[in-house]
Amino acid sequence: MALQFCGVGFSPIRYRGGLGARAVASESNATALRGAEEEKVKLGGSEVKVTKLGIGAWSWGDTAYWNDFEWDDRKLKAARAAFNASIDSGITFFDTAEVYGAGVMGAVNSETLLGRFIKERQQKESVEVAVATKFAALPWRFGRGSVLSALRNSLSRLGLSSVDLYQLHWPGIWGNEGYIDGLGDAVEQGLVKAVGVSNYSEKRLRDAYNQLKKRGIPLASNQVNYSLIYRLPEENGVKAACDELGITLIAYSPIAQGALTGKYTPENPPTGPRGRIYTPEFLAKLQPLLNRIKEIGQNYGKTQTQVVLNWLICQGNVVPIPGAKNAEQATEFAGALGWQLTDQEIEELRSVASETKPVIGFPVEKL
């Protein structure tokens, strides 16, 4: 997942314990777990395997965009429950970043929380969690050394000796070639198992791919904003380039930050910064699509959330990482696995969605 500007600036475990919460119309825990285990994929040309759906930890500890600008023990417990429910459902791929919940962006770093949750779970049983985190291409960071320095700090917060995937969070103002060299250095030093980028255009993606290829290192992934109502990766060549080069597209904001779940209406828009994006006017125009998503979901015994996540998975070479703030959400996400929409339904949803003007994206993705 990535920072959102809104106009203002692995091996799965075999644990099958019961869940304290259950999403409406979701599959049983055992079925969801089996579906997750059966749908593992490699990240690009790397050897890292993850389930076809991961969990984004952007909201964990954040007080700048999520959580109504506050963080307390109740939200901490909910985040911990989201982590455990994900594991129980067979979803063991987690995406975080050094800037999530960091400094002015939050109360506690998301990496710190994820590392804490992993350690707590490991004390109860042996689990293998695939962790992805990101390097922030801040203007004062120069060259390959800054990548390694930031990575070591991330590893310290996570309490890990290495991570499965390390990504450049966005293209830098300068020093991009050095950043890519830094990713290669991280692989060669055994600090990461795979490397990727985020918010990269087709040209930047190809350049990064070719630079790493010279060192015999595959570019595993490009994490971009991609959902049924934000299909820029299909239109700007990024999705096609990922497919051509064997780079996994990791989709952040795959449920449009909740707008595609049916939770919000013109009378009940989201709070905080999201309210400036998903306005009552926008949500009113979205209703025909939401109604059709709901109808299709009812035919499968699935929720709207599960339908839109499955739609992304059906595009092929796409791993959605919806953000889970509590156990109910995490359990519901797992129900997007183990089944698939028909080709006709996939194209119908794309057609209906095309009538909605895309929401705002990340500013640098067109550079």
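What to note about this one:
- Taking the Cα centre of the range 53-104 as reference, the dipole from Cβ charges on Lys and Arg (+1) and Asp and Glu (-1) amounts to some 160 debye.
- Neighbour counts of other Cβ atoms within 10 Å put 55, 118 in the fewest-to-most order 118, 55.
- Exposure proxy ranking, count of Cβ atoms within 10 Å, fewest first, for 52, 203: 203, 52
- Projecting the Cα atoms of 337, 301, 288 onto the charge dipole of the range 207-357, computed from C-beta unit charges around the Cα centre, puts 337 farthest toward the positive end.
- The range 291-367 versus the range 115-170: alpha-carbon centroid distance in Å: 28 Å
- Over 27 Å (Cα to Cα) - which of 40/77; 40/263; 203/325; 40/239 fall in this group: 40/77; 40/263; 203/325
- Annotation for residue 243 and residue 263: the two label points, set 7 Å from Cα along the Cα-Cβ direction, are 3.1 nm apart.
- Zone residues, the range 303-327, relative to residue 342, backbone N less than 20 Å from point 7 Å out along Cα-to-Cβ: 303-304, 306-316
- At most 14 other Cβ within 10 Å, DSSP loop - chymotrypsin sites (Phe, Trp or Tyr not before Pro), the range 74-109: none
- Spin-label model distance (nm) - residue 153 vs residue 76, 7 Å beyond Cα toward Cβ: 2.3 nm
- Working note: Karplus 6.51/-1.76/1.60 with θ = phi - 60° gives the range 183-191 the couplings 4, x, 4, 4, 5, 5, 8, x, 7 Hz, where Gly and Pro are set to x.
- Simple Cβ-charge dipole of the range 29-357, Lys/Arg +1 and Asp/Glu -1, about Cα centre, in debye nearest 20: 520 debye
- Derived scalar couplings ³J(HN,Hα) [the range 121-128; Karplus, 6.51 cos²θ - 1.76 cosθ + 1.60; whole Hz; x for Gly, Pro]: 5, 5, 5, 9, 6, 7, 10, 10
- Shown here for the range 274-367: GluC sites (Glu not before Pro) in loop regions (DSSP other than H, G, I, E, B) with at most 16 other Cβ atoms within 10 Å, namely 355.
- Per-residue Cβ neighbour rank within 10 angstrom, fewest leading, 191, 168: 191, 168
- Spin-label pair residue 189/residue 300, simplified geometry with 7 Å Cα→Cβ offset, distance in nm: 4.3 nm
Coordinate-derived values only; no laboratory data. None of the values given here were measured: they were computed from a predicted structure. Neighbour counts run over all protein chains shown; Cβ positions are idealised from the backbone, glycine included.
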